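Just below is one structure, and these are the notes that go with it.
Readers should treat all values here as calculations from the given coordinates under stated rules, not as data from a laboratory. In this text, all values refer to a predicted model and were calculated from it rather than measured experimentally. Don't worry about glycine lacking a Cβ; one is built from the backbone with ideal geometry, like all the others, and counts go over all protein chains shown.
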Amino acid sequence: MRDLLLGYGVFATYYVIVINTLYFTIMLFSFKKIFSIVKNSKFSRYKALSGSEYVPSISILVPAYNEELTIIENVSSLLALDYPKYEVIVINDGSKDDTVNILVNEFGLKPSQRVARNILETEAIRAVYHNPKYPNLYLIDKNNGGKADSLNAGINLSNHPLIASIDADSLLEKDALIRIVKVYMENPEETVAIGGNIRIANGCEIQDGIVKKVHLPDTILPMFQTVEYLKAFLGGRIGWSAINGLIIVSGAFGVFRKDYVIKAGGYRGGYPGEDMNIIIKLHKYMLENKLPYRIAYCPDAVCWTQAPDSLRILGSQRRRWGRGNLKNMLEYGIHMAFRPKYKIMGFLTIPYNIIFETLNPYFRFTGFLALIGYVLTDLTNWHVLLLFSLLNILYGILLGVGALLLEEIGFRRYPRIRDIFKMLFFIVIMFLGYQQLGVVWRFLGHIEFFRNNNTWGTMTRTSFNKDKKTTA
Amino acid sequence: MIAYESRVIGIIYTIAAIILICFVNILFLKSRKIWMEKKINKYLLKFQDYFTYIQAQIDSDDNLMAPQSPLNSLERVVLQKKLIEWIHHFKGGHREKLIKLCGDMELIKLDLKYLHSPLPWRRLNAVYNLGAMRSNQAMPRLLKLLEANKYDPIIFIIARSIAKCASTEDDLREMVLLLVRHRKNVHHLIVDIIKESEIDSTPLMMEFLMDDDYDLIKIALVGMPVYMESNIVPRLYRLLDFEDEEIRTKATGMLNSNNRFLPPGNGGVQDEIERVLLNNQAV
């Protein structure tokens, strides 16, 4: 029994080494790419491009469910973007709060004759609203069908060849759209989707829907998420996009070629994880049809989002992510893994996701338990447990510090030296409980999946003015 | 067991060393950035009177004078950045005066030298500055750089500088041909870059429209002025028979937006235009 426990513990240790080494390798691709991103960003005149008539037009889709507290600021910030030709389509997904009335009153919207085409199937549309005073704003009021259904309804109404999906609780920087579209313009034939960079807005000074001053969050949970997002977006996604292996474009901000989204079947309803699902489907469609393509990532196109600031809400979000990930892996992942026609997706991204993301809670947790069991049988071997824990923590810190270095080379959004120390502190202490919580939430998400719980879960919105809260 | 432990300990030491290196780098970069910001603010304050002098003299007939005292390298960078900001902002005589000032301050000469630097950062900085300062002397080297670069976003920065520095249609043509050889369908971006030039691009667009190369035709169809000359109409009608769908659509769109070129009672052409338009309304 002792040998079995030790054997499994050693296996878990190597699992941790392999998973982190792979992640570190991806991060090295990020380091390779960051210098060209910085050069491009520094010497491209986005202001001039944002006034150009040669920029492609774009439809911004904003699915909204019970967003009465943030929707006005969100839409106002979208209407003020530096971009020549675009429309904003807010899709009210049968909200139970006052989202529709607030929008109708604020922008003087009236029922419009514009009809959504029936390209993708969606729940019934109750009305489309418009006001010629805001010529590029439309509101779709439809029956509840989920985020994916709302995005499909937005696609049906949209007029432009590119679509951008944006969460209603997020704020785009004024030049975010032109930055991300420039990436598209540099290779329009092959670019089917581009992800933007999501940053945590908690703690920042926000005025009229614009982040005026960047600060780190004052509270613990958003702070953990800040460093977590840095790791995922800078350390991970830049590298994955460099090898065209990006498996997700965040639902909070991404740009897509509408024709290919439709050809891939549109967004899948009924389950969370629609942002990962559409990217997997796009990879699959392009690879099966042998079309040259890329799914790009633009880290200097920034979208600020509200991070959950309570364990209840965060847990709900993470369980939802866990369910979405598992559903996508069971629906597509296992059929694509190790099949040569899916190239990088088949041989790296999908296996990585299945083995190191989906199954991560099981290996890590059980490995840790096995080592505890082993040490309990002979306490003189306590150092084995210590080594395992130290390895786990140090590798995690390395990935966090690597992401911080990428941030400092490329973006430098957090201005003070003490911000660095604060982030470093949270990178270290996230291994003393927060990360383990994440593993548990993911595991609970899997249980919910097998119990057929498809709900979106609880999501409390906080106004960007900080004084109001509502539950969705 | 011992082998396992010693291997893990080795890995732990390696990771700790990399963390330390990364952290030292982060602190160095942050401190350097803060130091630079302070220095730049100090120099901006120092040059405040000089900037006021430029703003006051920009409308006069006299040339702008360079600063009296010698400049260190960071002062030169700060000053050049401000001048380039104004060059982007102004047009016509004002812009020319500022460019001449850059020449008098030997900023152009210095950047021409940096254009040959082995350091990519310094080279790209020079490419950008020389484009802003409209230095035609940089043209041969810029074209060489564009030719030597593989396809990545940097080539568009070089191309934009070429467009700004171009003094003849030949410069622009060469730039376009160097971009087109990558066959990436970046027609809109190329037209946007061409429009940065002060040269009238209409003759070049006419030339591209008559070419056999599909990419050049598409560039012409995107970049042709809305109110086109009647002598291109026969060519546009011929383009309606091309195999390439994008060319047919764009040609149709151009003919359609210039109704005066549609022959009265010519149902066949009108039908063709409608057919192509309908085909391309799919999504």
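Distance between the modelled labels on B:K100 and A:V38, one decimal in nanometres: 3.9 nm (7 Å Cα→Cβ projection).
Only aspartates and glutamates eight or more places from A:K47 in sequence, or on another chain, were considered; those with a Cα closer than 14 Å are A:D82, A:E173, A:D175, B:E85, B:D192, B:E196.
Applying a threshold of 21 Å to the alpha-carbon distances of A:K281/A:K327; A:K33/A:K147; A:K284/A:K341 flags A:K33/A:K147 as lying beyond it. Between the amide H of B:M133 and any residue lying 5 or more places away or on another chain, no distance stays under 5 Å, with hydrogens modeled in the peptide plane.
From the cross-link list A:K182/B:K82; A:K142/A:K182; A:K32/A:K85, which pairs have alpha carbons spaced over 29 Å apart?
Cα-Cα > 29 Å for A:K142/A:K182; A:K32/A:K85; rest within.
Any idea what angle helix A:435-450 forms with the longest principal axis of chain A, computed on alpha-carbon atoms, 0 to 90 degrees, nearest 10? Between helix and principal axis, roughly 70 degrees. Along its principal axes, the stretch A:324-366 has C-alpha extents of 34, 17, 10 angstrom, given from the largest down. Across peptide B:138-150, the average count of Cβ atoms from other chains found within 10 Å of a residue's Cβ is 0. Applying the Karplus relation 6.51 cos²θ - 1.76 cosθ + 1.60 with θ = phi - 60° to the stretch A:96-109 yields 3J(HN,Hα) values of 8, 9, 9, 3, 5, 4, 4, 5, 4, 6, 5, 10, x, 6 Hz, where x marks Gly and Pro.
For the pair A:D3 and B:F23, a Förster radius of 25 Å applied to the C-beta separation gives a FRET efficiency near 0.05, rounded to the nearest 0.05.
Annotation for A:Q207 and A:N159: the two label points, set 7 Å from Cα along the Cα-Cβ direction, are 3.4 nm apart.
Separation of the stretch A:298-342 from the stretch A:64-124 is 25 Å, based on Cα centroids. Estimated at 0.36 nm per residue, the fully extended path between B:H89 and B:Q68 surpasses their Cα-Cα distance by 5.0 nm.
Considering only A:I393, A:F450, A:L405, the residue lying farthest towards the positive end of the dipole of the stretch A:382-457 is A:L405, judged by Cα position with unit charges set on Cβ.
Report the calculated FRET efficiency for B:D200 and A:I119 (r = Cβ-Cβ distance, R0 = 35 Å), to the nearest 0.05. After rounding, the FRET efficiency stands at 0.25. Using the alpha-carbon atoms, what tilt in degrees (0 to 90, nearest 10) does helix A:417-429 show relative to the longest principal axis of chain A? Compared with the principal axis, the helix lies near 60 degrees.
Judged by the mean number of other Cβ atoms found within 10 Å, the most tightly packed of the peptides A:208-221, A:228-241 leads the ranking A:228-241, A:208-221.
So for the stretch A:1-125, averaging the separation of alpha carbon pairs under 8 Å that are six or more residues apart and normalising by length, what relative contact order in percent results?
Result for the stretch A:1-125 is 22 percent.
Normalising the average separation of contacting C-alpha pairs (under 8 angstrom, six or more residues apart) by the number of residues puts the relative contact order of the stretch A:113-169 at 37 percent. Relative to the longest principal axis of the Cα atoms of chain A, helix A:360-377 runs at roughly 20 degrees. Among the residues of B:18-29, the average count of other protein chain beta-carbon atoms within 10 Å of the residue beta-carbon is 5.
Once the Cβ-Cβ distance of B:I34 and A:L432 is raised to the sixth power relative to R0 = 25 Å, the FRET efficiency obtained is 0.20. Per-residue packing, averaged as other Cβ atoms within 10 Å, sorts the ranges A:321-333, A:407-419, A:379-391 into the order A:321-333, A:407-419, A:379-391, beginning with the highest.
Roughly how compact is chain B, stated as its Cα Rg over 2.2 N^0.38 Å to two decimals?
Relative to the rule-of-thumb radius for its length, chain B sits at 1.42.
With the alpha-carbon atoms of the protein assembly as shown aligned to their principal axes, the span from lowest to highest coordinate is 91, 71, 53 Å, starting with the largest.
Here's the list of aspartates and glutamates a cross-link from B:K30 could span, going by alpha-carbon distance under 14 Å and ignoring same-chain residues fewer than 8 apart: A:E407, A:E408, A:D419. Counting Cβ atoms of other protein chains within 10 Å of each Cβ in A:184-195 and taking the mean gives 3. A straight Cα-to-Cα reach below 21 Å connects B:K144 with the lysines A:K39, B:K109, B:K113, B:K164, B:K184, residues fewer than 8 places away in its own chain not being considered.
Could you pull out every whole DSSP H run in chain B that spans at least 15 Å of Cα extent along its own axis and averages 1.0 or higher on the Kyte-Doolittle scale?
B:154-165
Across chain A, the mean sequence separation of Cα contacts (distance under 8 Å, 6 or more residues apart), normalised by length, yields a relative contact order of 20 percent. Spin-label model, B:S117 to B:Q57: label points 7 Å out along the Cα-to-beta-carbon direction sit 2.8 nm apart.
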